Amino acid sequence: MKLKNKNLFIFALALGIICVTTIGIVNATTLPIPNINISVDNANSPKEYVDNIKLLMLLTVLTLLPSIIIMSTSFVRIIIVLSLFKSAIGVQQAIPKEVIIGLALFLTFFTMAPTFTKVNTEALTPYLNNKITQSVAIEKGSKPMRDFMLRQTRSKDLKLFLEVGKLEDKVTNVVDANGKEILTNGKPKPTYDKVPLYAVVPAFIISELRRAFEMGFLLFIPFIIIDIVTGSILMAMGMMMLPPVMISLPFKLLLFIMVDGWNLLVKSLIMSFS
């Protein structure tokens with residue numbers, strides 16, 4: 001009993017010392033916090049008033065920026081394929097969703113690096129250096145993103161939104177230096193540089209969803225075969241009460257390890273954007 005009281009006394013004493021020390025450090029290292037004030041009432045000129053309005057609009061757009069970036073990059077295909085892989089191999093709880101999302105984000109950064117570099121070089125850096133205006137920066141920055149999305153978009157999906165939105169007049173034909181149309185398979189080669197992004201983005205998304213489901217279906221095939229074989233063997237042996245998943249999961253993992261599955265899966269995802 002005395003030993004217990006002694007331990008409690010030592011614990012309380014140590015806790016008190018830590019609290020006093022922490023309070024002293026906080027008081028000694030108090031840093032001044034700058035005042036942040038975004039208001040249109042303090043504008044001294046029409047230019048400052050407009051700049052403040054632009055800043056408020058920019059902060060509003062930033063709240064939607066993560067969704068815009070996610071839906072216009074390779075993240076959609078990657079995260080869906082990885083999620084379908086978790087379902088196919090049957091390790092829903094073994095691989096945390098944070099790991100899947102993190103892997104998908106870093107693969108997105110890797111596959112989108114050339115596009116992001118082009119946006120930074122042609123639009124962001126010149127705009128920050130006051131070499132181009134905001135409208136020019138938006139136009140130049142959207143072009144690499146548009147080119148990336150159009151490369152991954154099926155013509156059938158893009159045609160759907162062009163027809164529904166009555167935007168066929170935005171599609172023009174590519175011409176050479178002499179003004180002559182360039183032909184592809186005997187037909188004029190179209191260019192979609194004038195097609196608005198609100199038609200390109202949804203077409204890109206449904207194309208990505210289709211391609212992700214195709215890759216997910218191919219991932220399911222070998223694992224389904226293992227499940228079928230395992231279930232058939234257990235039924236033939238009369239083991240009706242034994243869950244087939246418990247027996248097939250080790251064989252799925254073994255197959256995935258033997259073929260170096262992570263390397264093949266990530267390589268297939270990266271090469272699908274080439």
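Quick look at the values:
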| read-out | value |
| --- | --- |
| Pairs from 118/143; 131/170; 118/156; 159/194; 86/252; 140/194 whose Cα-Cα separation, in the structure shown, is over 18 Å | 131/170; 118/156 |
| Whole-Hz couplings from phi, Karplus 6.51/-1.76/1.60, listed for the stretch 267-274; x for Gly and Pro | 4, 5, 5, 5, 5, 5, 9, 5 |
| Amide H contacts of residue 191 (H built 1.01 Å from N, under 5 Å, at least 5 apart or other chain) | 172, 173, 174 |
| Karplus 3J(HN,Hα) series, Hz, for the stretch 156-163 with 6.51 cos²θ - 1.76 cosθ + 1.60 (x for Gly, Pro) | 5, 5, 5, 4, 4, 6, 5, 6 |
| Efficiency of FRET between residue 110 and residue 224 - r from beta-carbon atoms, R0 30 angstrom, step 0.05 | 0.50 |
| Sites residue 260 and residue 68 - FRET efficiency at Förster radius 41 Å, r taken between beta-carbons, to 0.05 | 0.70 |
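Read the figures in this text as sums done on the coordinates, not as results from a lab. Every value quoted in this text rests on a predicted model; they were computed, and no experiment measured them. So basically every Cβ, Gly included, is an ideal-geometry build from the backbone, and we count neighbours across all protein chains shown.
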